[in-house]
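Reading through the structure tokens given below for one structure.
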Amino acid sequence: MNAVSPLQAYERAVDQLGFQPDAAQLQAVQQLQACWQALSDHPQRAQGVYLWGPVGRGKTWLMDRFYESLKVPARRQHFHHFMRWVHKRMFELIGTSNPLKVVAQELGRDVRVMCFDELFVTDIGDAVILGGLLQAMFEAGVVLVCTSNQPPEQLYSHGHNRERFLPAIAAIQRYMQVVAVDGGEDHRLHPGLLHQRYFVTQAGQPNPLAAVFDHLNGEQSVASGAVAVGHRSINSVQYSESVLWCRYAELCEQPLAAMDFIELCDRFSVILLSEVPALSAPQREGRIARGTEDAVEQVVAGDRELPQLSPHDDGVRRFIALVDECYDRRVPLYVEAAVPMPELYTQGYLSFAFRRTLSRLQEMQLERFIQ
């Protein structure tokens with residue numbers, strides 16, 4: 001059976017699956033259709049597509065329908081996963097002349113199209129690599145389709161040494177059609193059968209995650225204590241073969257990275273997170289950074305202010321990464337927190353990024369999340 005085109009998939013969803021017609025989505029799918037058609041008829045003319053807009057506008061759904069329709073070699077990855085692979089390859093290529101070009105050429109030999117979900121850059125290491133890698137990928141013939149919550153010109157907008165990232169923005173604007181997807185409605189909030197996965201702490205009452213753990217675990221053997229994650233170990237409340245229960249302090253206030261959450265979702269099919277505090281706090285005045293160096297190359301940085309983070313924001317970054325990974329992998333995340341979901345993070349430097357997290361947590365409260 002031949003795969004339907006992106007436009008056919010969208011029209012079928014509107015006509016047969018009850019999707020609401022959305023002018024912004026239609027504009028986006030028309031650009032995806034043009035890319036899809038060009039890949040078949042005029043491969044050298046195919047332009048990538050950069051879909052950006054607020055949370056819940058259907059960007060990932062549209063990209064996934066495009067990916068499923070492709071008849072050329074392609075890869076679909078969450079952006080965190082892709083960067084994990086890039087950093088690994090860069091380490092393996094130490095001593096190689098122009099390793100970014102080598103990585104790009106490897107991609108060009110393996111795939112014609114790369115699909116990235118949630119392109120969002122906060123790390124200086126990622127920013128420096130992408131500054132050259134995206135241009136090299138396009139020159140190697142890779143067509144890029146991605147989703148983001150920000151237009152290209154706002155990516156890494158307050159990052160250190162942002163000038164190192166500007167070539168990536170220029171490459172996106174040259175090789176991709178940039179499409180705003182904002183129909184004004186968060187489609188993740190459409191009604192559906194409820195399945196509570198977020199609980200507010202009740203004084204004097206048993207932790208609700210204890211009953212959830214027992215129900216989900218069934219007859220599997222149960223242990224507690226340290227769980228090995230790569231070269232690290234994480235203290236758990238309880239765990240079994242498929243269910244992990246940890247406190248917020250153990251997953252989000254320890255030096256874990258996105259790749260650690262990737263491994264957790266590889267190993268466990270359900271994750272429980274308890275004792276999540278209210279995460280809002282006043283921002284602290286940023287310190288002045290001077291004399292930054294990038295490996296052996298000195299970067300002329302001068303004096304500049306660091307982001308005004310609150311005391312909780314390091315943990316909030318990890319919480320965002322955990323929710324992103326669970327959402328992308330369809331791993332249910334059960335949360336027990338000190339405050340209702342809308343009050344979880346209302347103030348701080350990460351407010352923009354947390355909007356996506358809140359929307360995803362809300363969708364996790366629906367039965368359809370794991371369907």
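Return the pair list, or none, for Cβ contacts closer than 6 Å from residues in region 95-115 that are over 18 Å from MET83 (Cβ atoms) to residues that are modelled with pLDDT of 95 or more and polar (S, T, N, Q), at least 6 apart or on different chains. Within 6 Å, no pair qualifies.
Kindly indicate whether GLU153 is among the charged types (D, E, K, R) and either in contact with a strand residue (DSSP E or B) (Cβ under 8 Å, 6 or more places away or on another chain) or farther than 30 Å from VAL111 by Cβ (or both).
On the way: among the charged types (D, E, K, R): yes; either in contact with a strand residue (DSSP E or B) (Cβ under 8 Å, 6 or more places away or on another chain) or farther than 30 Å from VAL111 by Cβ (or both): no.
Taking the combined requirement at face value, the residue does not satisfy it.
Could you tell me whether LEU144 is part of a helix (DSSP H, G or I) and either within 21 Å of the chain's Cα centre (by Cα) or assigned by TED's automatic domain parsing to the domain that holds ARG356 (or both)? Against the criterion (part of a helix (DSSP H, G or I) and either within 21 Å of the chain's Cα centre (by Cα) or assigned by TED's automatic domain parsing to the domain that holds ARG356 (or both)), LEU144 does not qualify. Using the structure shown, decide if ILE172 is in a helix (DSSP H, G or I) and at pLDDT 90 or above. It is true that ILE172 is in a helix (DSSP H, G or I) and at pLDDT 90 or above. One residue alone among GLN173, GLN105 is closer than 20 Å to GLN31 by Cα and in the same structural domain as VAL72 (by TED's automatic domain parsing), and that residue is GLN173.
Pairs are defined by a Cβ separation below 6 Å, a sequence spacing of at least 6 or placement on different chains, a first member in region 124-141 that is part of a helix (DSSP H, G or I), and a second member that is β-branched (Val, Ile, Thr); the pairs so defined are ALA127/VAL121. Can you tell me which residue within region 215-231, out of those that are out of contact with any Ser or Thr (no Cβ under 8 Å at 6 or more places or on another chain) and more than 13 Å from PHE268 (Cβ to Cβ), is modelled with the lowest pLDDT? Among those that are out of contact with any Ser or Thr (no Cβ under 8 Å at 6 or more places or on another chain) and more than 13 Å from PHE268 (Cβ to Cβ), it is GLY230. Looking at region 151-158, is at least one residue of a type in the set (A, V, I, L, M, F, W, C) and part of a loop (DSSP other than H, G, I, E, B)? Yes: region 151-158 contains one or more residues that are of a type in the set (A, V, I, L, M, F, W, C) and part of a loop (DSSP other than H, G, I, E, B).
GLU163 - would you say it is touching a residue at least 12 places away in the same chain (Cβ under 8 Å) and among the acidic types (Asp, Glu)? Reasoning before the result, please.
Numbers: touching a residue at least 12 places away in the same chain (Cβ under 8 Å): no; among the acidic types (Asp, Glu): yes.
For GLU163, the condition - touching a residue at least 12 places away in the same chain (Cβ under 8 Å) and among the acidic types (Asp, Glu) - is not met.
The values are calculated or read from the model by the stated rules, or taken from the named source; none is laboratory data. Remember, predicted model here, so these are calculated numbers, not experimental data. Note: ideal-geometry Cβ built from the backbone for every residue, glycine included; neighbour counts use all protein chains shown.
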